[in-house]
1. Mind listing just one residue for me: the one in the stretch 138-185 that is outside any helix (DSSP H, G or I) and of a type in the set (S, T, N, Q) and, of those, most open to solvent (accessible area, probe 1.4 Å)?
2. Could you grab me the full set of residues in the stretch 120-137 that are assigned to a helix (DSSP H, G or I) and either surrounded by 15 or more Cβ atoms within 10 Å (Cβ to Cβ) or among the small types (Gly, Ala, Ser) (or both)?
3. Could you check the stretch 190-234 and list, in sequence order, the residues that are open to solvent by 40 Å² or more (accessible area, probe 1.4 Å), within 23 Å of residue 142 (Cβ to Cβ) and touching a residue at least 24 places away in the same chain (Cβ under 8 Å)?
Amino acid sequence: MGKSKRRKLQERKEHNEKSNNGRSKFNVRDGPSRPKHQQSKSQQHAKPGTDKKTTPSTQKQQQHQEPIIPFDALDRILIIGDGDLSFSRSLVDTHGCAALLATTYDTEAELLEKYPQAQENKDAIEAEEQRVLHGVDATKLSQKEVKKQAGGWERVLFNFPHVGGKSTDVNRQVRYNQEMLVSFFKAIKPLLAPHGTVIVTLFEGEPYTLWNIRDLARHSGLEVQRSFRFQADAYPGYSHARTLGNIEGGGGWKGEERLSRSYVFQHKGAGDVVQKQQAKTNKRKKTEESDDEDSDED
């Protein structure tokens, strides 16, 4: 990391601390990977892996909830399969993320053919000294820029994964997408920091509920931390990009307006490990404070 990059990170950190106590202007809520004393009461008593069902009567209430932002600006963030790079750009421009690698499945040429607007988004990301990498297969993650991140990735975000129109048969589509997600979970697990999380966002309802994403993650060596409603308006400038490319004329279907849910996964037992580490830290602090008091009396 060059001198200018280090200075830029420090400036971002100082700016965030002065304006929002080190947080994004949106509601960044601590998950169970944080020490328990830093969590809200509702999170301390929440049962992992349990989600409330969305019904028409609750949808209106959800519209007024503050969005949950599952990362901090200084986290080491890996974005998987960002269609036109508008999501990554929002993380940089709006949320001030300063250690981000955005990836696309398409090569650069394919990306610009499908999403001409991607060039502007890429330029904006790189103007803030963040990285963009093309031709990244989520089931392999073989590029050294992805595999060699020091300390591992703290937050990995994969929005609306889909294999595309491989089949018109629903059961086959479900199976293809399940196979893709299992391969992704197995590929990302060794690249994840010990306290890191993987956040996968899917549309609500069928056929996406048929994928059984929680079970896929468990069988891949991860555990469910929580889930929450994804709110696209928390990411200004973001637009959902179809796997097949832009709709001609720009009208019609808008994925960012559909109800969606983000699922947060972590290493098995990660929450217990963090709590044990915090308990040791607290014990050491108490011992040091006690020693200080004894020395004062002397």
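The values are calculated or read from the model by the stated rules, or taken from the named source; none is laboratory data. It should be emphasised that the depicted structure is a prediction, and the values quoted were computed from it without experimental measurement. Neighbour counts are summed over all protein chains in view; Cβ atoms, including those assigned to glycine, are modelled from backbone coordinates with ideal geometry. Remember, those area values only see protein heavy atoms, side chains included, never the ligands or the DNA or RNA. Shrake-Rupley method; radii C 1.70, N 1.55, O 1.52, S 1.80 Å.
1. Filtering first and then ranking leaves 168.
2. Passing the criteria: 121, 122, 124, 125, 127.
3. 194, 219
For every residue, the table says whether it meets (1) surrounded by 22 or more Cβ atoms within 10 Å (Cβ to Cβ); (2) assigned to a loop (DSSP other than H, G, I, E, B).
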{"site": "66", "(1), (2)": "no, yes"}
{"site": "72", "(1), (2)": "no, yes"}
{"site": "75", "(1), (2)": "no, yes"}
{"site": "84", "(1), (2)": "yes, yes"}
{"site": "89", "(1), (2)": "yes, no"}
{"site": "95", "(1), (2)": "yes, yes"}
{"site": "98", "(1), (2)": "yes, yes"}
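One line per residue, one yes/no per condition, for (1) part of a loop (DSSP other than H, G, I, E, B); (2) under 16 Å from residue 186 (Cα atoms); (3) of a type in the set (D, E, K, R):
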site: 199; (1), (2), (3): no, yes, no
site: 210; (1), (2), (3): no, no, no
site: 217; (1), (2), (3): no, yes, no
site: 225; (1), (2), (3): no, no, no
site: 229; (1), (2), (3): no, no, yes
site: 238; (1), (2), (3): yes, no, no
